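The values are calculated or read from the model by the stated rules, or taken from the named source; none is laboratory data. Every value quoted in this text rests on a predicted model; they were computed, and no experiment measured them. Cβ placement follows ideal geometry from the backbone for every residue including glycine, while neighbour counts extend to all protein chains displayed. Just the protein is used for accessible areas: all its heavy atoms, side chains included, with ligands, DNA and RNA removed. Shrake-Rupley method; radii C 1.70, N 1.55, O 1.52, S 1.80 Å.
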Amino acid sequence: MIAAMLIPSASAGMTVLAAFAILGPLVAWWLAPRRRVASALAVLAAVPILLLTLSPTRRSMTIGCAIDWSPQLTAAEPLANVLLFVPFVLLLAVATARPLRALAAGVGLSLGIELVQAVVTPIGRSCDTSDWIANTAGSVIGATLAAIGLGLARWQRRTAVDDDRTVRVDTEPVSHR
């Protein structure tokens, strides 16, 4: 269901993933000095995750969780789950300047969602370990892209400081009288 809402096909999803890979570090680099903006965007990125995974459906479910430890991450549905978490974790990592903590938050959020889906049967959502794996893959990608962008921002700041500290030698001839 998420796949139909997010991406029309697996190839479209791969295109979006490639765009994330190219633009993600640049966005993280640009947002690095704008942590408040990154925080607000991370909150906005969490909204679709919660709406798409916890909004009630008309299905009736039983308590439990499907166990599948080998999802096809290039298929449309798992790929949609991957894509759902990339922007959230990337933005959270930039907002906190802590990619590993953001990764842990993404994995924890996904685990919490799956637990709610397993236990709160009236919402009609199905718990599946393959969803958690796909969300975790998206979290890893988001944290990695953020780490690259934050590294670029640190390198740029360090280079700017080094340029300001260099001693400039006057090259004009000195006249001796």
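Remarks
- Accessible surface comparison of ARG125, ARG158, ARG35, probe 1.4 Å, protein chains only, largest first: the order is ARG158, ARG35, ARG125.
- Taken along the Cα-to-beta-carbon direction at a fixed 7 Å, the label points for GLN72 and ARG34 span 4.0 nm.
- Summarising the amide proton neighbourhood of ASP128: residues at separation of 5 or more, or on other chains, whose placed amide H is nearer than 5 Å comprise ALA66.
- One equal scatterer on each Cα of the chain, no solvent, Debye formula: the resulting log10 I(q)/I(0) at q = 0.08, 0.17, 0.18 Å⁻¹ is -0.32, -1.02, -1.11.
- 0 to 90° range, to nearest 10: angle between helix 10-31 axis and the chain longest Cα axis: 40 degrees
- Phi to ³J(HN,Hα) by Karplus 6.51 cos²θ - 1.76 cosθ + 1.60 over segment 132-139, Hz, x for Gly, Pro: 4, 5, 5, 4, 5, 4, x, 5
- Karplus-derived HN-Hα couplings along segment 34-40 (A = 6.51, B = -1.76, C = 1.60, θ = phi - 60°), whole Hz, x at Gly and Pro: 10, 5, 5, 5, 4, 4, 4
- Taken as Cα centroids, segment 27-68 and segment 88-147 sit 8 Å apart, rounded to the nearest whole angstrom.
- When the inverse distances between all different Cα atoms of segment 36-118 are averaged and flipped, the Kirkwood radius reads 14.0 angstrom.
- With each label modelled as a point 7 angstrom along the Cα→C-beta vector, the LEU152-LEU26 pair spans 0.8 nm.
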